[in-house]
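Participant: My questions all concern the structure below.
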Amino acid sequence: MNRPVTSLLLSGALLFGAATAHAALPDEAILYKNPQCGCCDEYARHLEDMGISVTIIDDANMGEVKADAGLPFGLGSCHTIEMGGYVIEGHVPLAAVEALFEQRPDIDGIGLAGMPIGTPGMPGPQSEPYEVYQFTAGEDAPFMTL
């Protein structure tokens, strides 16, 4: 095979692979947050860059939102997202969000406690591994480490 055709096929395969990785993601998300939280708005922008339309609700009772989601006690963050039948709590790295929708496990959602530096919406370099958890009915278990 000649070099231009090989390059063209390889480029097409890479583009197809990138398209299929994002194909599993839902088109829409609802992000619940406090009105003063700018890092939550930044996280929404990251989702929008992935082609997801984000509705931001910044006047919700966050304690009630987290309780209704079945979030494990003590593992909350500054925002809660409903997307594609799952809950995503906090600044979960986008690789974990993609993995959730590729695997589609039988869980309520995934989360990352606190507001770790270097995650989407939080400036700075990653300083330690991100321990993303999964949860169902208030019980947590490891999902992935990034």
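Taken together, the values in this text are just the output of simple stated rules run on the coordinates, not laboratory data. This one's a predicted model, so the numbers in the text were calculated from it and none came from an experiment. Ideal geometry is used to build each Cβ from the backbone, glycine not excepted, and the neighbour counts take in all protein chains shown.
Participant: Being over 16 Å from GLY109 (Cβ atoms), in contact with a strand residue (DSSP E or B) (Cβ under 8 Å, 6 or more places away or on another chain) and outside any helix (DSSP H, G or I) is the filter here; which residues of the stretch 34-53 pass it?
Facilitator: Scanning the stretch 34-53 gives a single hit, SER53.
Participant: Any residue in the stretch 79-88 that is under 15 Å from PRO142 (Cα atoms) and either in a loop (DSSP other than H, G, I, E, B) or out of contact with any Cys (no Cβ under 8 Å at 6 or more places or on another chain) (or both)?
Facilitator: Looking for residues that are under 15 Å from PRO142 (Cα atoms) and either in a loop (DSSP other than H, G, I, E, B) or out of contact with any Cys (no Cβ under 8 Å at 6 or more places or on another chain) (or both), one finds at least one in the stretch 79-88, hence yes.
Participant: Right, ASP140: surrounded by 13 or more Cβ atoms within 10 Å (Cβ to Cβ), in contact with a strand residue (DSSP E or B) (Cβ under 6 Å, 6 or more places away or on another chain), closer than 21 Å to ILE57 by Cβ and not aliphatic (A, V, I, L, M) or not?
Facilitator: On the way: surrounded by 13 or more Cβ atoms within 10 Å (Cβ to Cβ): yes; in contact with a strand residue (DSSP E or B) (Cβ under 6 Å, 6 or more places away or on another chain): yes; closer than 21 Å to ILE57 by Cβ: no; not aliphatic (A, V, I, L, M): yes.
For ASP140, the condition - surrounded by 13 or more Cβ atoms within 10 Å (Cβ to Cβ), in contact with a strand residue (DSSP E or B) (Cβ under 6 Å, 6 or more places away or on another chain), closer than 21 Å to ILE57 by Cβ and not aliphatic (A, V, I, L, M) - is not met.
Participant: Of everything in the stretch 127-146, what is assigned to a strand (DSSP E or B) and either without any contact (Cβ under 8 Å) to a residue 60 or more places away in the chain or not acidic (Asp, Glu) (or both)? Give them in sequence order.
Facilitator: Matches in the stretch 127-146: GLU131, VAL132, TYR133, GLN134, PHE135, THR136, ALA141, PRO142, PHE143, MET144, THR145.
Participant: So which residues in the stretch 106-126 are more than 18 Å from VAL87 (Cβ to Cβ) and either exposed (fewer than 13 other Cβ atoms within 10 Å of the Cβ) or not aliphatic (A, V, I, L, M) (or both)?
Facilitator: Answer for the stretch 106-126, where residues must be more than 18 Å from VAL87 (Cβ to Cβ) and either exposed (fewer than 13 other Cβ atoms within 10 Å of the Cβ) or not aliphatic (A, V, I, L, M) (or both): PRO116, GLY118, PRO123, GLY124, PRO125, GLN126.
Participant: Look through GLY76, GLY114, GLY121 and report the one residue that is assigned to a loop (DSSP other than H, G, I, E, B), touching a residue at least 24 places away in the same chain (Cβ under 8 Å) and more than 23 Å from GLU28 (Cα to Cα).
Facilitator: GLY114
Participant: Filtering the stretch 46-73 down to residues that are under 18 Å from GLY121 (Cβ atoms) and without any contact (Cβ under 8 Å) to a residue 12 or more places away in the chain, which residue is surrounded by the fewest Cβ atoms within 10 Å (Cβ to Cβ)?
Facilitator: Applying the filter and picking the extreme gives ASP49.
Participant: Go through the residues of the stretch 89-96 one by one and say whether even a single one is acidic (Asp, Glu) and touching a residue at least 12 places away in the same chain (Cβ under 8 Å).
Facilitator: Within the stretch 89-96, one or more residues are acidic (Asp, Glu) and touching a residue at least 12 places away in the same chain (Cβ under 8 Å).
Participant: For GLN36, only one of the following conditions fails: (1) under 18 Å from PHE135 (Cβ atoms); (2) out of contact with any Cys (no Cβ under 7 Å at 6 or more places or on another chain); (3) without any contact (Cβ under 8 Å) to a residue 60 or more places away in the chain. What is its number?
Facilitator: Every listed condition holds for GLN36 apart from (1).
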